[in-house]
Amino acid sequence: MGKRVALIVLDSVGIGELPDAAVYGDVGANTLLNIKTKIPSMQLPNLCRMGLSNIEGVAELGDVDADFTGSVGRLAEVSLGKDTTTGHWEIAGLKVTNPFPTYPDGFPTDLIAAFEEKVGRKVIGNCVASGTEILDQLADEHVATGNLILYTSADSVFQIAAHEEIVPLDELYRICNIAREMLVGKWNVSRVIARPFIGSTGNWQRTSNRKDYSVAPFGKTMLDYISGSGLDVHAIGKISDIYAGCGITKSTSTKNNMDGVDATIAHLQSDSNGLIFTNLVDFDAVFGHRRDADGYAQALMEFDQRLPEIVGALKQDDILIITADHGCDPTFKGTDHTREYVPLLVYGANIASGVKLGTKQTFSDIGKTILDYLGVSGDIQGESFLSAVVK
């Protein structure tokens, strides 16, 4: 078995506003530190031991002067946007210079008419809304009529909510595939998202059967180069959806963060070569967008408690990289993502301890470093920091 990298994205765990945060209305956002300020009891001892509190902008999380076991820094985003697709694509080496279109006034009537005709169902909603609020407003009507609940957000998303007993999952997924095929060209929506739910009036609950349908990357990513060289690219969580399956050799779906951790550990314990790429989405989808700081803090502590298990599963030549894709400050106004730096923690038997990498100018430095470590050539954005962290 050769070298491997386990890359874990803590979805939305930002660590402070970027210099251009004002353009996005996000001055004052700091997902991690603001949660700590609001929930002082939140303790992340294992992440801090690895070096989290030694990263600029989040020193208040723990003992900054303590020896730490990893190499750490923070990453700035150069792409235009603050959504999941943009962040993940930049991690993998693509700079998004043409932001995905958003629809603050809902989707155009001609598009909706064509969509309704193709799927054989009417649409209700077609507005910017939070996923839980829209169910309170329209789920009863949906159950009574079978009409699809359509909503969007500040991100480039076309979200379709449907009760699993009214619109079976297979049909909902078929509908989302139709939408994905339509939303290209001038529409070019980043993601179509199936949002199934269950329950009854006053007790609607979104299920874990969510599915994302991303537009395909516009160029080769580190995933294409790794898999193209004959190595494994194991995608865990919604990673396969984000990259539209491109460059992925194996995909494992997950129901929640802890399921994602379990799957990551299982892959680490197996014999494989290449990349294990995990997204833990609950931080964003369950707690960030819902502005639930208490739940977010608890989810962070749950991950922190599992970190020793992940570390324990690493083999001699494995590297663990922990980062994020954007912010989603649960203490901030609104319900949308926030434009923030993201953390960078690098750990492994061959990684030096106590290294401070400072601020890296693009998320793509991660992708370039991974290719460098695996010995894979690839024409992607970014600069490798491998020489600064290897022993």
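The values are calculated or read from the model by the stated rules, or taken from the named source; none is laboratory data. As the structure is a computational prediction, the values presented were derived from the model and not from experiment. Neighbour counts run over all protein chains shown; Cβ positions are idealised from the backbone, glycine included.
Structure data summary
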{"quantity": "The stretch 101-129, subset of a type in the set (Ser, Thr, Tyr) and under 20 Å from His289 (Cα atoms), residue modelled with the highest pLDDT", "calculated": "Tyr103"}
{"quantity": "Residue match in the stretch 75-95 (condition: touching a Cys at 6+ places or on another chain (Cβ under 7 Å) and not β-branched (Val, Ile, Thr))", "calculated": "no"}
{"quantity": "Residues being out of contact with any His (no Cβ under 7 Å at 6 or more places or on another chain) and either farther than 16 Å from Phe158 by Cα or of a type outside the set (A, V, I, L, M, F, W, C) (or both) - total across the stretch 98-130", "calculated": "19"}
{"quantity": "Unique residue being closer than 18 Å to Leu10 by Cα and among the hydroxyl-bearing types (Ser, Thr, Tyr) when the list is Ser253, Ser227", "calculated": "Ser253"}
{"quantity": "Single unsatisfied condition, Leu223 versus (1) modelled with pLDDT of 95 or more; (2) part of a strand (DSSP E or B); (3) buried (at least 20 other Cβ atoms within 10 Å of the Cβ)", "calculated": "(2)"}
{"quantity": "Per-region count, the stretch 124-142, residues more than 19 Å from Arg210 (Cβ to Cβ), touching a residue at least 24 places away in the same chain (Cβ under 8 Å) and more than 24 Å from the chain's Cα centre (by Cα)", "calculated": "3"}
{"quantity": "Residue match in the stretch 51-58 (condition: under 25 Å from Ile265 (Cβ atoms), in contact with a helix residue (DSSP H, G or I) (Cβ under 6 Å, 6 or more places away or on another chain), modelled with pLDDT under 95 and assigned to a helix (DSSP H, G or I))", "calculated": "no"}
{"quantity": "Qualifying position, being buried (at least 24 other Cβ atoms within 10 Å of the Cβ), touching a residue at least 24 places away in the same chain (Cβ under 8 Å) and more than 19 Å from the chain's Cα centre (by Cα), among Gly375, Gly348", "calculated": "Gly348"}
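Residues are listed down the side, and each one gets a yes or a no for (1) at pLDDT 95 or above; (2) more than 17 Å from the chain's Cα centre (by Cα); (3) surrounded by fewer than 16 Cβ atoms within 10 Å (Cβ to Cβ); (4) not assigned by TED's automatic domain parsing to the domain that holds Gly378:
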| site | (1), (2), (3), (4) |
| --- | --- |
| Ile198 | yes, yes, yes, yes |
| Gly202 | no, yes, yes, yes |
| Gly230 | yes, yes, yes, no |
| Ile239 | yes, no, no, no |
| Thr252 | yes, no, no, no |
| Asp259 | yes, no, no, no |
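Residues checked against (1) within 26 Å of Leu386 (Cα to Cα); (2) modelled with pLDDT of 95 or more; (3) of a type in the set (Ser, Thr, Tyr); (4) not in a loop (DSSP other than H, G, I, E, B):
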{"residue": "Ser12", "(1), (2), (3), (4)": "yes, yes, yes, no"}
{"residue": "Val27", "(1), (2), (3), (4)": "no, yes, no, no"}
{"residue": "Lys36", "(1), (2), (3), (4)": "no, yes, no, yes"}
{"residue": "Gln43", "(1), (2), (3), (4)": "no, yes, no, no"}
{"residue": "Asp65", "(1), (2), (3), (4)": "yes, no, no, no"}
{"residue": "Thr69", "(1), (2), (3), (4)": "yes, yes, yes, no"}
{"residue": "Gly87", "(1), (2), (3), (4)": "yes, yes, no, yes"}
{"residue": "Pro99", "(1), (2), (3), (4)": "no, no, no, no"}
